[in-house]
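> I have a structure here, written as structure tokens, and I will follow up with some questions on it.
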Amino acid sequence: MLGCVWLGIHAAIEMLYAAFVSLDSVEVPTIAAVNGAAIGGGFGLALLCDVRFVATDAKLAVNFARLGIHSGLAITDLLPRAVGYSNAADLLLSGRRILGDEAVRMGFAREAVDADQVLPRALELAGEMAACAPLAVRSIKKTLRATTGRDLSPTLAKESMAQALLMQSKDAQEGIKAMMSRRPPEFEGK
Amino acid sequence: MLGCVWLGIHAAIEMLYAAFVSLDSVEVPTIAAVNGAAIGGGFGLALLCDVRFVATDAKLAVNFARLGIHSGLAITDLLPRAVGYSNAADLLLSGRRILGDEAVRMGFAREAVDADQVLPRALELAGEMAACAPLAVRSIKKTLRATTGRDLSPTLAKESMAQALLMQSKDAQEGIKAMMSRRPPEFEGK
Amino acid sequence: MLGCVWLGIHAAIEMLYAAFVSLDSVEVPTIAAVNGAAIGGGFGLALLCDVRFVATDAKLAVNFARLGIHSGLAITDLLPRAVGYSNAADLLLSGRRILGDEAVRMGFAREAVDADQVLPRALELAGEMAACAPLAVRSIKKTLRATTGRDLSPTLAKESMAQALLMQSKDAQEGIKAMMSRRPPEFEGK
């Protein structure tokens, strides 16, 4: 019975994420322009892009541990690639929220600018990329991914299994309930 | 016939790069002092060194995609190692030019200083390295390269093949012609 | 006879390091608060932690090459992971000393603050981590280490062998003597 629940959760998570993760196989460059909040899944979506621009007052967090669940969307692979192991551990193991400037210092974003400048700056870079030779851009992006050993599938498999297991924990139920009622969770390590 | 042209270009590229790439097997530390412009091959040469100092007004770019050709000199491996995947994608997929301070922020260079201070600062670090025990320096450099899995040959093979293929594209011919006559290229994706 | 000495040094180094390295297998997050000097082994100990806070006036160095010996504690693996190959080469091949702000710019430390703020800031982050769901924190830390391929044993083996060999060199004896009598060493490359 528990096994069936587990399989059900597992399959649901993989389906939910598939649409997000398909961004990773886009052959042309992808740029994220982050205004407002990018928490959890939104954070992961931005990480799937090649380059990120953020607003100075953007609120960024990977708050999974605060909810009692495991992170997904290959964040455990993409975040240390972007900001190094220590910054990834800092953010993932505390779930703390950072603003645009700290995101730039860590290497998560290329630039933090005023909210109304985020999209224009992202479009400016997109314009420079679009002015290059299309075949060369795709070919270089492909090589870059090969040399950096970018393959999200093993991480996605590992994460979705850990997610399905943790979602059945008492703490995950408490974490999600606490978030819904905007109160601090009381975790028991179970 | 096309096959023969391809083999010829391929072999020529590999020979041309061999001298540059030999820098990678130097057993003692190598330091680049970059004054003025380091575009394309010059950029790659600096990347092959262990540490880089740049002038504040140094002009740095990997402009291959603007010419319609694939980058070489193992830049697709060395650049993400130095500045992370996102900064590498940003620079390689746009071909845009950066100055010394941005190069430092990205992690490409250790320091950006006034042009007349670049060489003195590089020599200062070289002096500190030369004051260390020679056997220890070589042995540590060797271990560092092993732990970071530094082996440029697979990337060089991949790059030179992509270069030889792209060099026969219409856009590469247009990109090089446009650069020669200092006009913007008109790419067709062919 | 030389073989026996070598085996003895080798075993002694491995035993000495084992206690330090055990820090790497702690399942909960580890945070270093560095006040004063962290030179050589102390530097390595801080590197074994997940996150580091340092005092602005903290003195940090990996001075092994200045002593004529090879670095240990998996520093040749952990340092490039934390600060990139170039910064690791810069520090390890020169043995030079850096202060807190440079350590932050390199990515070695999360923050450089006044000496009396180092521990409070570290405890603040520890508190945020302790407020998360314990099972999720451990599970995410485990995944993070798997995705980043963190396995210190091959590096530790390589380092302890290089250390045992170099410790028998003339320069290592000179380097250690010179440090003891606080005079510059005279190395011969032997």
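> Using alpha carbon coordinates only, what is the Rg to Rh ratio of the range C:1-114, with Rh defined as the Kirkwood radius?
Dividing the radius of gyration by the Kirkwood radius yields 1.00.
> Per residue, what volume in Å³ does the convex hull of the Cα atoms of the range A:45-101 enclose?
Cα convex hull per residue, to the nearest whole number: 80 Å³.
> To continue, here is another question. Using only atoms on other chains, find how many Cβ atoms lie within 10 Å of each Cβ of peptide B:90-101 and report the average.
5
> Based on the alpha carbons, how large is the Rg to Rh ratio for the range B:140-190 when Rh follows Kirkwood?
Ratio of gyration radius to Kirkwood radius: 1.29.
> If each label sits 7 angstrom from Cα along the C-beta direction, how far apart, in nm, is A:LEU123 from its counterparts in the other copies?
5.1, 5.1
> Okay, next question. In a GNM of chain C with a 10 Å cut-off on Cα contacts, which of C:LEU23, C:LEU144, C:LEU60 has the highest mean-square fluctuation?
Most flexible of the set in this elastic network: C:LEU144.
> Within 10 Å of each Cβ in peptide C:65-75, how many partner chain Cβ atoms are there on average? Round it to a whole number, please.
Other-chain Cβ atoms within 10 Å of each residue's Cβ, averaged: 5.
> In Å³ and rounded to a whole number, note down the convex hull volume per residue for the Cα atoms of the range A:36-190.
In the range A:36-190, the Cα hull volume divided by residue count equals 116 Å³.
> Applying the Karplus parametrisation 6.51 cos²θ - 1.76 cosθ + 1.60 with θ = phi - 60° to the phi angles of the range C:162-171, what ³J(HN,Hα) value in whole Hz is obtained for each residue in order, glycine and proline being reported as x?
5, 5, 4, 5, 5, 5, 8, 6, 4, 5
> Counting only residues 5 or more places away or on other chains, whose amide H sits under 5 Å from the amide H of B:LYS59 once H atoms are built in the peptide plane?
So B:LYS59 has HN proximity to B:GLY36, B:ALA37, B:ALA38.
> Scan around A:THR30 for amide H atoms under 5 Å from its own, H built in the peptide plane at 1.01 Å from N, and keep only partners 5 or more places away or cross-chain.
Residues meeting the criterion, in which the H sits 1.01 Å from N, are A:ASP50, A:VAL51.
> Under 13 Å from the 7 Å Cα→Cβ point of C:LEU119, by amide nitrogen: which residues of the range C:30-64?
C:33-36
> Continuing with the same structure: Return the subset of B:LYS141/C:LYS177; A:LYS158/C:LYS158; A:LYS158/C:LYS59; A:LYS59/A:LYS142; A:LYS177/C:LYS141; A:LYS142/C:LYS142 for which the Cα-Cα distance in this structure is over 28 Å, preserving the input order.
A:LYS158/C:LYS158; A:LYS158/C:LYS59; A:LYS59/A:LYS142; A:LYS142/C:LYS142
> Ordered by residue, what ³J(HN,Hα) values in Hz, to whole numbers, does the range C:24-33 give under the Karplus form 6.51 cos²θ - 1.76 cosθ + 1.60, where θ = phi - 60° and Gly and Pro are x?
Result, rounded to whole Hz: 5, 9, 5, 7, 8, x, 10, 10, 9, 10.
> Between A:GLU128, A:GLU159, A:GLU174, which gets the highest mean-square fluctuation from a Gaussian network model of chain A, Cα cutoff 10 Å?
Result for chain A, Cα springs under 10 Å: A:GLU128 fluctuates most.
> Then there's this: Whole Å is fine, so just give me how far the alpha carbon centre of the range C:61-79 lies from that of the range A:22-40.
Between the Cα centre of the range C:61-79 and that of the range A:22-40, the gap is 39 Å.
> How far is A:ARG182 from itself in the other copies, in nm, if each label sits 7 Å out from Cα along the Cα-Cβ line, shortest first?
6.2, 6.2
> Please identify, among C:GLY44, C:GLY149, C:GLY100, the residue showing maximal mean-square fluctuation in a Gaussian network model of chain C using a 10 angstrom Cα cutoff.
C:GLY149
> Considering only DSSP beta bridges where both residues belong to chain C, give the percentage that are antiparallel (nearest 5).
Beta bridges within chain C, antiparallel portion: roughly 10 percent.
> While we're on this one: What full-extension length gain, to one decimal in nm, is calculated for A:SER181 and A:ARG97 as 0.36 nm per residue of separation minus the Cα-Cα distance?
28.3 nm
> Okay, next question. C:GLY36 label points, 7 Å along Cα→Cβ, one per copy: pairwise distances from this copy to the rest in nm, shortest first?
5.1, 5.1
> Nearest 100 Å² is fine: how much accessible area is buried between B and C, summed over both sides, with a 1.4 Å probe?
About 2300 Å² of accessible surface is lost on pairing.
> How large are Rg and Dmax for the protein assembly as shown when calculated on the C-alpha trace, in angstrom?
Spelled out, the Cα radius of gyration and Dmax of the protein assembly as shown are 24.8, 74 Å.
> Another question, if that's okay. Which ³J(HN,Hα) values, rounded to whole Hz and listed in residue order, are derived for the range B:37-45 from phi using the Karplus coefficients 6.51, -1.76 and 1.60 in 6.51 cos²θ - 1.76 cosθ + 1.60 with θ = phi - 60°, glycine and proline given as x?
For the range B:37-45, the Karplus curve yields 9, 10, 10, x, x, x, 4, x, 4 Hz.
> Would you mind working out the accessible area per residue for chain C, using a 1.4 Å probe, and quoting it in Å²?
About 43 Å² of surface per residue is accessible.
> Additional query: What is the distance in Å between the Cα centroid of the range C:85-140 and that of the range C:147-189?
That distance is 25 Å.
> On to the next question. Ignoring any ligand, DNA or RNA, what whole percent of the accessible area of the protein assembly as shown comes from carbon and sulfur when the probe is 1.4 angstrom?
After summing per-atom areas, the C and S share lands at 62 percent.
The values are calculated or read from the model by the stated rules, or taken from the named source; none is laboratory data. Note that this is a predicted model, so its numbers are computed, not measured. Here Cβ is always computed from backbone atoms with ideal geometry, including for glycine, and neighbour counts include all displayed protein chains. Just the protein is used for accessible areas: all its heavy atoms, side chains included, with ligands, DNA and RNA removed. Shrake-Rupley method; radii C 1.70, N 1.55, O 1.52, S 1.80 Å.
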